[in-house]
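Worksheet for the structure shown next.
The values are calculated or read from the model by the stated rules, or taken from the named source; none is laboratory data. Only a predicted model underlies this, so the values are computations on that prediction, with no experimental measurement involved. Every residue, glycine as well, gets a Cβ built from its backbone with ideal geometry; the counts of neighbours run over all protein chains shown.
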Amino acid sequence: MGILIIVVFVLGYAAIALEHPLKIDKAASALVTGMVCWAIYVFSLGSGGHEIVHVIEHGANGEGGLYHHMFDIANILFFLMGAMTIVELVDAHEGFAVITDRIKTTNITKLLWIICILTFFFSSVLDNLTTTIVMVSLLRKLIKDQKTRWMFVGMVVIAANAGGAWSPIGDVTTTMLWIKGQLPSVPNIIVDLIIPSMVALLVPLTILSFTFKGEVERPAKEKEDADHYLNPTTSGERVAVFILGLGGLIFVPFFKTITHLPPFMGMMLSLGIIWTITELMHKGKSKSEKQPLSVIGVLQKIDVASVLFFLGILMAVAALQEFGHLRTAALALDNTFDGDIFSINIVIGLLSSIVDNVPLVAAAQGMYDVSPIAGNHFAANGHFWELLAYCAGTGGSALIIGSAAGVAAMGLEKIDFIWYLKKISWLAVIGYFSGAVTFYLMHL
């Protein structure tokens, strides 16, 4: 059974990686993989009904079990759903135009720096996936030539992943480490990771600035898409919802710090407040005008498939953890690199460019326990967990399929895998190692 669950997990990953050739959505493959892995785990326990129920509820050693994993997974999923809803609501009100309409330059180098810096900080507050979607939409209005736009989008992927790594709400992997207690201190995350993350962006950005020059040609003025002005908002409404959305997201870590409640509760509180205010804001409008600007209307745009993908893959990793395979993998990494946390995390980060960083971080969380000894690399807020957040967050930029931001960019702009490999991957890898070395020099 132990080998069978690994085979199912590998086949599931292959199906996820070959999503486009197979024409099967990765969420379906992840759900099948997660549920089958748990079924195999249950069958491995034997036929004792009461024993199986006990293990499902409490785990084989009394410290885990399906219910325990489901609490952690549900915490992450509700958090993401709340964040996605708030961002979609801001977008529905065209709130991001508050920033994007102010960009006037056509100089490639200046525009590249503006876009990348905006992406870096947007990603820390929104998340790398949402930020990439917003910035790709912006770039289509700023740059006509496709290949020039692809270079910008490639750098947006690097900037979005780097920007999300140092924020507890910027990247799902950092969020996972924050929520599960490996990195409970928000100030520590920001102070220790912002400089390495910034280096991971600035190094490739500086290199590209020497060769990527000229002026960009903007697309001819056309009528906006029908749905862009289907429900126009006033300037005041755009600014108000933009401020409410960002304020609501930034409020979440403060709420957790003050109340010690799970982060998803702060996110849901923010969503409830913004929901109430926008309902009052549009109460005088007709139903047809109000619908696209309400949370009810926005919920129809939420990427539920991504949420289900996270559910399936996190469930699969939880099953491997219950089986003890992750502990075995941890021992193998420790033996191979003689316990060197820098090398271990570098490998995890590079692997995240091949497979999704979410299961890799989930696996690492299952492989290593949080040490109760203050100052230990594996203690809460320890350097192992901080470096893991950096490596898993930025390592995925090495390949376009290695991160949610890259996959979104690939889908939206139809970027070729080989083109990204030739033009962007080497920049991403240089930035990745530069940031990792910076962290090493600062803390290790």
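For region 402-418, the candidate set comprises residues that are assigned to a helix (DSSP H, G or I) and loosely packed, with under 15 Cβ neighbours inside 10 Å; within that set, the residue that is modelled with the highest pLDDT is 418.
Right, residue 188: more than 19 Å from residue 365 (Cα to Cα) and either among the aromatic types (Phe, Trp, Tyr) or at pLDDT 85 or above (or both) or not? Working first, answer last.
Working: more than 19 Å from residue 365 (Cα to Cα): no; either among the aromatic types (Phe, Trp, Tyr) or at pLDDT 85 or above (or both): yes.
No, not satisfied.
When region 7-41 is filtered for residues that are more than 15 Å from residue 308 (Cβ to Cβ) and surrounded by fewer than 15 Cβ atoms within 10 Å (Cβ to Cβ), the ones remaining, listed by number, are 7, 10, 11, 14, 18, 20, 21, 22, 23, 39.
Residue 260 fails exactly one of the following numbered conditions: (1) on the phi > 0 side of the Ramachandran plot; (2) in contact (Cβ under 8 Å) with a residue 24 or more places away in the chain; (3) not aliphatic (A, V, I, L, M). What is the number of that condition? Only one criterion in (1) on the phi > 0 side of the Ramachandran plot; (2) in contact (Cβ under 8 Å) with a residue 24 or more places away in the chain; (3) not aliphatic (A, V, I, L, M) is unmet by residue 260, namely (2).
This table checks each residue for (1) buried (at least 24 other Cβ atoms within 10 Å of the Cβ); (2) in contact (Cβ under 8 Å) with a residue 24 or more places away in the chain; (3) among the polar types (S, T, N, Q).
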residue	(1), (2), (3)
332	no, no, no
346	no, yes, no
366	no, yes, no
390	yes, yes, no
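Taking the conditions (1) at positive phi; (2) in contact with a Cys (Cβ under 7 Å, 6 or more places away or on another chain) in turn, residue 94 satisfies each one other than (2). Here residue 280 fulfils each of the conditions (1) surrounded by 18 or more Cβ atoms within 10 Å (Cβ to Cβ); (2) at pLDDT 90 or above; (3) not hydroxyl-bearing (Ser, Thr, Tyr) apart from (1). As a summary of the residue check, residue 424 satisfies the conditions (1) farther than 21 Å from residue 358 by Cβ; (2) surrounded by fewer than 24 Cβ atoms within 10 Å (Cβ to Cβ); (3) hydrophobic (A, V, I, L, M, F, W, C) except for the one numbered (2). Evaluation of residue 203 against the conditions (1) touching a helix residue (DSSP H, G or I) at 6+ places or on another chain (Cβ under 8 Å); (2) outside any loop (DSSP other than H, G, I, E, B); (3) at pLDDT below 90 shows that the sole unmet condition is (3). Going through (1) modelled with pLDDT under 85; (2) over 16 Å from residue 292 (Cβ atoms) one by one, residue 81 falls short only on (1). Can you confirm whether region 368-384 contains a residue that is farther than 20 Å from residue 192 by Cβ and in contact with a strand residue (DSSP E or B) (Cβ under 9 Å, 6 or more places away or on another chain)? Yes, region 368-384 has at least one match.
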